[in-house]
Structures are given as structure tokens and as C-alpha cells.
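Right, one structure below, let's go through it.
The values are calculated or read from the model by the stated rules, or taken from the named source; none is laboratory data. Computed from a predicted structure; not experimentally measured. Glycine also receives a Cβ, built like all others from the backbone with ideal geometry; neighbour counts cover every protein chain displayed. Side chains included, ligands, DNA and RNA excluded: accessible areas come from the protein's heavy atoms. Shrake-Rupley method; radii C 1.70, N 1.55, O 1.52, S 1.80 Å.
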Amino acid sequence: MHLTLEFGGGLELLLENSTKVHKVEVPLKDGEGKVPMKGLLSWVKANLIKERPEMFVKGDSVRPGVLVLINDCDWELCGGLDAELVEKDVVVFISTLHGG
Amino acid sequence: MHLTLEFGGGLELLLENSTKVHKVEVPLKDGEGKVPMKGLLSWVKANLIKERPEMFVKGDSVRPGVLVLINDCDWELCGGLDAELVEKDVVVFISTLHGG
Amino acid sequence: GFAPDGGLPADMIYRYSRHLLLPDFGVEGQRKLSQSSILVVGAGGLGSPVALYLAACGVGCLGIVDGDDVELNNLHRQIIHKEAYVGKPKVKSAADACREINSSIKVVEHRHTLKPCNALEIVRKYDIVVDATDNLPTRYMISDCCVLLNKPLVSGAALGLEGQLTIYHHNGSPCYRCLFPSPPPVAACQRCSDSGVLGVVPGVIGCLQALEAIKVATAVGEPLCGRMLLFDSLSARIRTVKLRGSLPDCTLCGENSVFTEQDFQKFDYENFTQSPMSDKTAPSVDL
Amino acid sequence: GFAPDGGLPADMIYRYSRHLLLPDFGVEGQRKLSQSSILVVGAGGLGSPVALYLAACGVGCLGIVDGDDVELNNLHRQIIHKEAYVGKPKVKSAADACREINSSIKVVEHRHTLKPCNALEIVRKYDIVVDATDNLPTRYMISDCCVLLNKPLVSGAALGLEGQLTIYHHNGSPCYRCLFPSPPPVAACQRCSDSGVLGVVPGVIGCLQALEAIKVATAVGEPLCGRMLLFDSLSARIRTVKLRGSLPDCTLCGENSVFTEQDFQKFDYENFTQSPMSDKTAPSVDL
Ligand SMILES: [Zn+2]
Ligand SMILES: [Zn+2]
């Protein structure tokens, strides 16, 4: 499944070359046309995160302080870890900023 | 065909209640699945513009000083008057500003 | 300001004429601005444009709270402070600058670091709060305080080349704890003194904070409630995303919240976040 | 500024430390800024934040050109001017404010209205031009001048509750005439003095102009070339749209252009646009 993943607020530093936008192909399980967010998080941790994975995930979910947006909408409104992604979805992971 | 039309930079003043965003249903000609920009301009002039049409169109096209964007892209890059719109396209008409 | 009978004195008509001409704003918008009181917490990178634009536009009472002094390494982004004020209190510097551009409004100086022991008393006096601070424990504290006192909170942040903006606890929007019930790990709490900040980035976010405060004060337009603006200066991309609403089970703003003003005054925000309330560490620039 | 050998003096390391810490910016970015010269045309609503942020961030030479005097009805949005300067030249007021926040940069005052007879001479001295003016004929003139002298033009505009921003004539982006070969009808040329402007709207656009000028000067990030930022303050929506590139048959920047510096000096921009180069009409506010 083709997805666009974006990382911001410093999370891009955990990725190769600190690249913010990643167009990726996430493998589907047999017979399913969707990927749950839970599965995407595992896939990102295994395939994109190059260092300090504890800055991205905690337990099953993202670490505190990270907002997750599916097609510009807070994932809490879409089912959180159970939200199901479809072809061409855009998922943003952004760390909240505190500076000023 | 369902389109979203947006007016800005003062052009909204030509429309009812100065509403900026219009979700509209533009009729298709028999046997065609697309609407050319030329046709959309006539339709907008006839159905949405409530006053001073010369502030919106000039001849076949929009008046000088109006930018037209199809899905956030300058219509000059999409064929201008001959650009063909499809279902769910977003067309923005915006008057250039000079103030500061 | 406006006369007691609500009429507009001639010098005010002239000063604010460009606002009065706006059909969506007009005399009514200007009147509401002149009757509003807004507290800006932090007179730094964000607070500089917030305070200047709120003073210029004619907010009736502008409060500024900050306990720090102006330092030379603030000046690359904190445009409200002049070199002559280096070493002097930021609040004094900012308030003087605001009075110089608009002597017709009331500017109140709160020369303290906002803390649980003084926050309720200060915030209570204002209609709207602008969070222009630079650290995580203060952000939790201000949000909790605004929930307790039921004040809208216009919250901005900037770091590196990015900025964020939203309005908490207004028109059903979440509070800071609805979005972030647990604080992030300490290693994620980067500050401007650790990681740097491009000076104009808080400028952009601060102007947008002033705008949102004006929209809340005048009830003009759609304020950024339940939405967050994300600014990436490198790509010049700004997106506005939809956020969750206030959570029914939030420990602060939820319907069953038991958090009281007394709890607030005793809450240890530095311990909760494992992070200090000031951003004074000298940067180590390795050249 | 930087020492002749390219080293950073200790006070500059301290002043700009938050920039030097930025991996994408660093010493090299600060050095390029200190070696750049930027002209801000117009010390009004847009020019106020542009000049303040460019001065604060350490641009080597900042030129300001404006022929007007400060008026009380400017102050609701032109935050660079203090009440004490009402009646005095805007250029003097703005330059003094810039020097107060950063005495280490060079600030040049051009106390003229930019016109075809003086524009080439003034613009030629700078690397980058920021259009912070308020009227249509001046916008055509500055764009033509920048094409003739091959300077990038960071162009912002604000009116009512909306703003627009792009970079003309840089990295293949169009010039003003590529986008607008014919001027709009006179009735479409609204000004701030006709229609009003919410003070903080030019604040947001001006900060973004300063940002884009910094990106061009330092070659950091993707500048807004071939793209336009559209800002709607009521909805807090900001979109960045894709524009056409420079047109091969443009009468100004096209490959067969025959427009010379002599043509420029003789061109009547007010007649071309049927619109005056100044925005001094007193507003008629009907209360
Ligand atoms: Zn809450
Ligand atoms: Zn051109």
C-alpha cells in the first residue's frame, strides 16, 4: 500500500538524513486491503527509525508528546491505534514544540 | 459534476452574502464526463455572480488581476480556458492584492 | 479608549480608521478590542510581536508577565527589546515599547516568573491568555490555570525552523492535557538554548497568536479552536489540522475533574515534567 | 559584522548563538546573512516587521526606501513607528528603530518615493529587494526594475483580512508581468485607505517576507519561487499554490524582451495602471 509519511517537530532527526517526507510502500497482509495504525507503527519502527526508537514509540503506541495526524486529522478522531489506513493516505508524526 | 469553488482577494464581494466557499453541482453536457474551464466561467457568471460581472470576467476569460487555481495549481499550467475539470476538483478565483 | 457612553472620540476614529473601514470588523470590533484585557505570558521571541501588535491594534488592557532580564542573545529574535535594555527586566522593556507605540491603552507589568503560587491571581484579571513561553512545565501550568479559571488560551511555540499554534479550552477545544496527558521523555524537551531557533520563526507564530487573540476578543472569524496550525519555514508550508475536542475523561477539563485551585497551587510542574521552568542555560556553541 | 578574515568575533557568536546552533543554518548561514544587502521598499504595514526582523537577524546592509511621513492612522499596524515620530519621515523612524535593536549592522536611509527616475540607481546597490509597498503602479515598477537588474524580489501584499506572498524573478519564477500582463480595472485597485486592513495581517505577511529574504540570502530551505502563499485570516487558512514559471514571451523577463533601462526610466506606471503611486487619500469613515 502506498502511503506518504511525514515527520516533524524534531522527529525527523530519528530518520536517515533527517528527511521529513517519506513516500513508502507498506506490505499488506494476505487478503486485506487495509493497514491498521498499529501495524504502521511497527513497520515504521522496523524500517525507518534509525536511532533512539524510544523517542518515537512507547509500548504499542507513539511516545507522549507526539501528535499523529491521518489526512490532516488527529488520529484520536479516526480510531487511534485501530484506525485503518487506505491507499494514498498521508500520515504525519509531529513532536510538540515548547520553545519560544 | 460536484466542484468546490472558492473566491478571495475581494472577489467574494461579487457573490451572495460575500460567501467565499461554494460547493456546487455543475451540469454536464450530454455524453461528457468533464467540464472545460471555459464552461465553468460561463456557469459562474450566470449562476453565482450577483453584481458587477465586469469585475470577474473580461471577454471569454477572467479579468486581468485574477489568478485562477485548479487544485492549488495555476490554471496556466493546466491548459487555461481549455483545462478540463473532473469530479471533486477545487477551483480558486483570487484577486491579486496591492495593499500593505 | 472609548468614551463612557460608548462613543468613539475623534482621535480614536482617526487612529483606528483602517480597522473601522473593515466590514467584518468595524466599530463594533474596535469597541470589543478596547474593552478586552489580554495577558501575554513571556516577553521573548513569541511575546515580542504578540505584545506589539496587541498594543498597536488597541486592546484595552495588555498585561505582560516575565521574570527574566533582556540578554544580548535574545535580540536576534526578540524585536521588542532594544540594545539599551540589555540587563534590564524584559517586562519593563516590553511595556515601554508598547507605550511608545500606543499611549492610549493600559499596559500592566507583572515582573515575575509565572508560578503556581502567583498564576491564579494574575490570570484571573484577564479575559484571554496568550502562552508565549519557552518551556514545557510552564505550558502545562498555564493550561491548567486557564481551565480552572475558564479562560481561552492562545498557545504558540517555535523551535528550530518550525512553529505550532492552537487555542486551548475555548469553544469545545481541548486543553493541553487532553492532547498530552503524559509529559514527553526529558530528552524530547529541546529548548531554544539547546537547539537554536531562526529568529523570524517565532515572529510568524507570534503574529498569528496576536491575530487569534484579536479574533477571540472580537468574536470575528473562526478562531483556531480544535485545530492546530503547523508551520515549516524551510518549505514555507503551513497546514491547519483538525484536533480532538475536549476529552470527557480529561483529568483537568473533563466533566469529572476533581482538580482544584488548591491542587494547582501545590502541583510541582517541574517534577511532573522533569524539566526546569526557565531556559537560561548558556548555549555551548562549538566553532 | 564578521571580521575581515571571516572569523566570528565573540560578541557576534553570543548575539547570534541561537542561529549558530541550527544545523541547517549555522555559522555559514550567519556569514551569508552578514554579507548580504537587502532593500525594503516601503516602511509601512509590511515593511515594519520586515525591517525589524532583518535588522535583528544580522543582515549586513539594510536599505529602507519610503518618501512618506508617519501618520497617527499608520500606527495600528506599522509597529516600527513610535508616536513620537508622527509627522517625521518614515525612513528615519524605521532606521532609528532598526539601529536601536542592532547597532552592529549598516542601515541606509533612502528618503524618497521610489520612482522610475531613481529606482535603478537605488536598487542596483542591493542583492535582494523586498516589495512592501501599498499600490499597484509601484508593484509593476519594482518588478520591472528587478528584472532589468536581475534581483530576486520578495513580494508581499495585504488588504482587509487577507494576504499574499511570492518571490518573483528568482530560480525560474515568473515576474509580476508574467502573472499580470495587463493591469486590472481601476475599480479593482482597492487600497488600505479605501477598504481598511486588520493591523496584524500585514504583520504575518511581513514576517514571512523577512523569512523568504533570509532564505534567499543564505540559500537555506526552499524559497517561495514559482509558488504563492495565500493567507485568509478569518479562517486561519494558509495555502501554498503552484504558479506558472517565467513566460518565454513575457515582455519584461522573456527571452525576446526589448525593454531597456531607458524604456524603464520613461515608462509612465501611473498611466499604465490608471492608479496613483501614493496611498494618501484620507479615509471617510461614516459612523
Ligand atoms: Zn483537557
Ligand atoms: Zn515576466
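Please state which one of A:VAL57, A:VAL44, A:VAL66 is closer than 20 Å to C:LEU230 by Cα, open to solvent by less than 30 Å² (accessible area, probe 1.4 Å) and either within 12 Å of the chain's Cα centre (by Cα) or at pLDDT below 95 (or both). Quick ask: steps written out before the conclusion?
Details: A:VAL57 fails: closer than 20 Å to C:LEU230 by Cα; A:VAL44 fails: closer than 20 Å to C:LEU230 by Cα.
Testing whether each residue is closer than 20 Å to C:LEU230 by Cα, open to solvent by less than 30 Å² (accessible area, probe 1.4 Å) and either within 12 Å of the chain's Cα centre (by Cα) or at pLDDT below 95 (or both) leaves just A:VAL66.
Within the bounds of segment B:76-99, is there any residue that is touching a residue at least 24 places away in the same chain (Cβ under 8 Å) and of a type in the set (Lys, Arg)?
For segment B:76-99, residues touching a residue at least 24 places away in the same chain (Cβ under 8 Å) and of a type in the set (Lys, Arg): present.
C:VAL147 is checked against (1) away from ligand 1 (no atom under 13 Å from the Cβ); (2) open to solvent by 10 Å² or more (accessible area, probe 1.4 Å); (3) among the β-branched types (Val, Ile, Thr) and fails just one. What number does that condition carry?
(1)
Does B:VAL24 qualify as being among the aliphatic types (A, V, I, L, M), surrounded by 13 or more Cβ atoms within 10 Å (Cβ to Cβ), touching a residue at least 24 places away in the same chain (Cβ under 8 Å) and part of a strand (DSSP E or B)? Give the steps one after another, and end with the answer.
Values: among the aliphatic types (A, V, I, L, M): yes; surrounded by 13 or more Cβ atoms within 10 Å (Cβ to Cβ): yes; touching a residue at least 24 places away in the same chain (Cβ under 8 Å): yes; part of a strand (DSSP E or B): yes.
Here the answer is yes, as B:VAL24 does meet what is asked.
Residues in segment D:190-214 that are open to solvent by 10 Å² or more (accessible area, probe 1.4 Å) and more than 7 Å from every other protein chain (Cβ to nearest Cβ): how many?
Let us first name the residues in segment D:190-214 that are open to solvent by 10 Å² or more (accessible area, probe 1.4 Å), namely D:190-191, D:194-195.
Cutting the leftovers down to more than 7 Å from every other protein chain (Cβ to nearest Cβ) gives us D:194.
Residues that pass the stated criteria total 1.
Got a sec? Which of B:SER18, B:SER61 is within 14 Å of another protein chain (Cβ to nearest Cβ) and touching a Pro at 6+ places or on another chain (Cβ under 9 Å)?
B:SER18
Take C:PHE259 and decide whether it is surrounded by fewer than 21 Cβ atoms within 10 Å (Cβ to Cβ) and in a helix (DSSP H, G or I). Steps first, please.
Numbers: surrounded by fewer than 21 Cβ atoms within 10 Å (Cβ to Cβ): yes; in a helix (DSSP H, G or I): no.
When the stated conditions are applied, C:PHE259 does not pass them.
Just give me the residues in segment D:9-62 being in a helix (DSSP H, G or I) and among the small types (Gly, Ala, Ser), in sequence order.
Here is the first cut: in segment D:9-62, the ones in a helix (DSSP H, G or I) are D:10-15, D:17-20, D:26-34, D:47-57.
Of everything in segment D:9-62, those that are in a helix (DSSP H, G or I) and among the small types (Gly, Ala, Ser) turn out to be D:ALA10, D:SER17, D:GLY26, D:GLY29, D:SER34, D:GLY47, D:SER48, D:ALA51, D:ALA55, D:ALA56.
Kindly evaluate D:VAL200 against the criterion of being over 22 Å from D:PRO137 (Cα atoms), under 17 Å from the mean Cα position of the chain (by Cα) and touching a residue at least 40 places away in the same chain (Cβ under 8 Å).
On the way: over 22 Å from D:PRO137 (Cα atoms): yes; under 17 Å from the mean Cα position of the chain (by Cα): yes; touching a residue at least 40 places away in the same chain (Cβ under 8 Å): yes.
For D:VAL200, the condition - over 22 Å from D:PRO137 (Cα atoms), under 17 Å from the mean Cα position of the chain (by Cα) and touching a residue at least 40 places away in the same chain (Cβ under 8 Å) - is met.
Quick check on my filter: what residues within segment D:168-187 are aliphatic (A, V, I, L, M) and within 13 Å of ligand 2 (Cβ to nearest atom)?
Of all residues in segment D:168-187, those aliphatic (A, V, I, L, M) come to D:179, D:186-187.
Result: D:LEU179, single match.
From the list C:THR273, C:THR240, which residue is away from ligand 1 (no atom under 16 Å from the Cβ) and under 25 Å from C:ASP24 (Cβ atoms)? Reasoning before the result, please.
On the way: C:THR273 fails: under 25 Å from C:ASP24 (Cβ atoms).
Testing whether each residue is away from ligand 1 (no atom under 16 Å from the Cβ) and under 25 Å from C:ASP24 (Cβ atoms) leaves just C:THR240.
For segment D:126-154, give me each residue that is farther than 19 Å from D:LEU198 by Cα, hydroxyl-bearing (Ser, Thr, Tyr) and either more than 14 Å from chain B (Cβ to nearest Cβ) or more than 12 Å from ligand 2 (Cβ to nearest atom) (or both).
Within segment D:126-154, D:TYR126, D:THR138 meet the criteria.
Residues that are more than 9 Å from chain B (Cβ to nearest Cβ) and either assigned to a helix (DSSP H, G or I) or within 16 Å of ligand 1 (Cβ to nearest atom) (or both): does segment D:106-120 have at least one?
First pass over segment D:106-120, keeping only residues more than 9 Å from chain B (Cβ to nearest Cβ): D:106-120.
After this cut, where a residue has to be either assigned to a helix (DSSP H, G or I) or within 16 Å of ligand 1 (Cβ to nearest atom) (or both) as well, the list is D:119-120.
Yes, the conditions are met somewhere in segment D:106-120.
When the residues of segment B:72-100 are narrowed to those that are within 11 Å of the chain's Cα centre (by Cα) and within 12 Å of chain D (Cβ to nearest Cβ), which ends up most open to solvent (accessible area, probe 1.4 Å)?
B:VAL90
Pairs under 8 Å by beta carbon, first residue more than 14 Å from chain B (Cβ to nearest Cβ) and away from ligand 2 (no atom under 15 Å from the Cβ) in segment D:249-278, partner open to solvent by 50 Å² or more (accessible area, probe 1.4 Å) and part of a loop (DSSP other than H, G, I, E, B), six or more apart or different chains?
D:GLN265/D:CYS117
Is it the case that some residue within segment C:155-169 is modelled with pLDDT of 95 or more, of a type in the set (S, T, N, Q) and away from ligand 1 (no atom under 14 Å from the Cβ)?
Yes: segment C:155-169 contains one or more residues that are modelled with pLDDT of 95 or more, of a type in the set (S, T, N, Q) and away from ligand 1 (no atom under 14 Å from the Cβ).
Could you tell me how many of the residues in segment D:102-122 are within 27 Å of C:ALA94 (Cβ to Cβ) and crowded, with 22+ Cβ neighbours inside 10 Å?
The qualifying residues number 1.
Within segment C:215-238, how many residues turn out to be open to solvent by 10 Å² or more (accessible area, probe 1.4 Å), facing chain D (nearest Cβ under 7 Å) and at positive phi?
Result for segment C:215-238: 1.
Please indicate, with yes or no, whether at least one residue in segment D:83-99 is open to solvent by less than 10 Å² (accessible area, probe 1.4 Å) and in a loop (DSSP other than H, G, I, E, B).
Within segment D:83-99 (the criterion being open to solvent by less than 10 Å² (accessible area, probe 1.4 Å) and in a loop (DSSP other than H, G, I, E, B)), the answer is no, since none of the residues qualifies.
Mind listing whichever residues of segment D:164-185 are touching a helix residue (DSSP H, G or I) at 6+ places or on another chain (Cβ under 8 Å) and more than 7 Å from every other protein chain (Cβ to nearest Cβ)?
D:LEU165, D:ILE167, D:TYR168, D:HIS169, D:HIS170, D:CYS175, D:TYR176, D:ARG177
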